[in-house]
Amino acid sequence: MSAEKKYAVSGLLALWLLTVVAVSCGKKNDDPEPEPGGPTPYNWVKPVHFPDPVYDFSKNPLTNEGIRLGMFLFYDGIMSRTNEIGCGTCHQQQAAFTHHGHELSHGVDDLIGTRNSLAVQNMAWSPRFFWDGGVHDLDFSPLNAIENPVELDESVPSIIEKLKAGPRPGAKMPVDYPQLFREAFGTEEITTGRTMRALSQFMLTMVSATSKYDFYLMGDQSALNTQEKEGMLLFEKNCSSCHAGVLLTDHSFRNNGLVPMRINDRGHSEITGDKADRYKFKVPSLRNVGVTLPYMHDGRYHSLEEVLSHYSDSVRLFMKSGSEAVETLDPLLANPEKPGIPLTKSEQQAIIAFLHTLTDEIFLKDPKLADPGIGNAL
């Protein structure tokens, strides 16, 4: 039986599927009034068990045409200097839009980045983006990868000119971007703002809320087995201070006891300039964590077993390492009598069983989010 049908749909889920949260009809001043037969509003649905989003939809009303344009921009290599690497290269759907199996992201000319690719999911609820929290607005987040010399290594003006030129000779799939912009924004004029907003529109549709755990939260007690429920209780006791709520993150930045590697990445302090923020990184959502390996900002752990072993055993060694990073270790892990999160092997296995219930097969296989045949996966 398919994942879509495996679990009984509770009354709450049915309500979610039937309830449409209409997005505000507010407009950007630089967009012309839509022509008859122009962009059609997209009804963005908030899962009933989720909090209200933090993204301001009034500044970027979603339309079917805007989302379609954003999908092409997300996957198209035209966004990079070499015309070969797109956002979807390092953010692959089957891995919750991470770069599955790669410790660090790959960019143009097969250059290696400095951090592991974060999942692109539930972006409407995120107040800050990237491991260091350097961006506060989803609409600006693509610029980070575009201008990074080891990622897309391109300039926005160059991208705009390429998009204006229309179908690119030799492209994997010829795309008439001026026409797509007309359909999405009522004009063929391609601007930075419209390009970024189209990308946001597509990313805002990447909502993961139909895992086994979600079905359980919405009333289906049979969605989790005995071990998974045991793991859920252990998780709530030991892990939910940071991986909190239905989103499985408190959106904070914390030092979780990783000895700095060759790349001495100081994380959040590179943005704030505050020594107290050194070696602190964003607490990622654990939704779909079973398919987003490797883990941590530098991809050092390749299994959930390694991650839990770190919290159970390695934090204690970290505290004795003499590293300057010890100074900002999160207080929740810094108890000298019980450093880290002491767990027995059976407790670890129960937590891992629970973590696998966060995998959302419907989201991972949603054809509306898939590459339309334009991208390159590495």
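General remarks:
- Looking only at residues of the range 330-378 that are within 21 Å of His99 (Cβ to Cβ) and of a type in the set (Asp, Glu), we find that the one that is surrounded by the most Cβ atoms within 10 Å (Cβ to Cβ) is Asp360.
- Matching residues, the range 86-127, being of a type in the set (A, V, I, L, M), in contact with a helix residue (DSSP H, G or I) (Cβ under 7 Å, 6 or more places away or on another chain) and either within 30 Å of Thr40 (Cα to Cα) or not assigned by TED's automatic domain parsing to the domain that holds Leu163 (or both): Ala96, Val120, Met123, Ala124
- The set of residues from the range 49-85 being in a loop (DSSP other than H, G, I, E, B) and either more than 16 Å from Asn122 (Cβ to Cβ) or acidic (Asp, Glu) (or both) comprises Asp52, Asp56, Asn60, Pro61, Asp76, Ser80, Arg81, Thr82, Asn83, Glu84, Ile85.
- Here the condition is being in contact (Cβ under 8 Å) with a residue 12 or more places away in the chain, under 19 Å from Asp132 (Cα atoms), out of contact with any Lys or Arg (no Cβ under 8 Å at 6 or more places or on another chain) and of a type in the set (Phe, Trp, Tyr); of Tyr295, Tyr311, it holds for Tyr295 alone.
- Of the residues making up the range 145-166, those that are loosely packed, with under 15 Cβ neighbours inside 10 Å and modelled with pLDDT of 95 or more are Glu147, Pro149, Ser155, Pro157, Ser158, Glu161, Lys164.
- Residues that are in a helix (DSSP H, G or I) and closer than 13 Å to Arg115 by Cβ, drawn from the range 253-311: Glu270
- Among the residues of the range 92-110, those that are at negative phi and either assigned to a helix (DSSP H, G or I) or surrounded by fewer than 23 Cβ atoms within 10 Å (Cβ to Cβ) (or both) comprise Gln92, Gln93, Gln94, Ala95, His100, His102, Glu103, Leu104, His106, Val108.
- Only one of Leu343, Leu332, Leu355 that is outside any loop (DSSP other than H, G, I, E, B) and either more than 21 Å from Ser126 (Cβ to Cβ) or polar (S, T, N, Q) (or both): Leu332
- The listed residue being modelled with pLDDT of 95 or more and buried (at least 22 other Cβ atoms within 10 Å of the Cβ), out of Ala223, Ala198: Ala198
- Candidate set: the range 167-195, residues that are free of Cβ contacts under 8 Å to residues at least 60 places away in the same chain and touching a Pro at 6+ places or on another chain (Cβ under 6 Å); chosen: the one surrounded by the most Cβ atoms within 10 Å (Cβ to Cβ): Glu188
- Residue list for the range 211-234, restricted to those being within 23 Å of the chain's Cα centre (by Cα) and either among the small types (Gly, Ala, Ser) or closer than 16 Å to Gln348 by Cβ (or both): Ser211, Met232
One line per residue, one yes/no per condition, for (1) under 19 Å from Ile352 (Cα atoms); (2) in the same structural domain as Pro342 (by TED's automatic domain parsing); (3) modelled with pLDDT under 95; (4) touching a helix residue (DSSP H, G or I) at 6+ places or on another chain (Cβ under 9 Å):
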position: Lys229; (1), (2), (3), (4): yes, yes, no, yes
position: Phe235; (1), (2), (3), (4): yes, yes, no, yes
position: Cys239; (1), (2), (3), (4): yes, yes, no, yes
position: Leu247; (1), (2), (3), (4): yes, yes, no, yes
position: Asp250; (1), (2), (3), (4): no, yes, no, no
position: Ile263; (1), (2), (3), (4): no, yes, yes, no
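- Criterion: surrounded by fewer than 22 Cβ atoms within 10 Å (Cβ to Cβ), touching a residue at least 12 places away in the same chain (Cβ under 8 Å) and β-branched (Val, Ile, Thr) - qualifying residue of Thr82, Thr89: Thr82
The values are calculated or read from the model by the stated rules, or taken from the named source; none is laboratory data. The model shown is predicted, which means the values in this text are computed figures rather than measured ones. All Cβ positions, glycine included, derive from the backbone under ideal geometry; neighbour counts span all protein chains shown.
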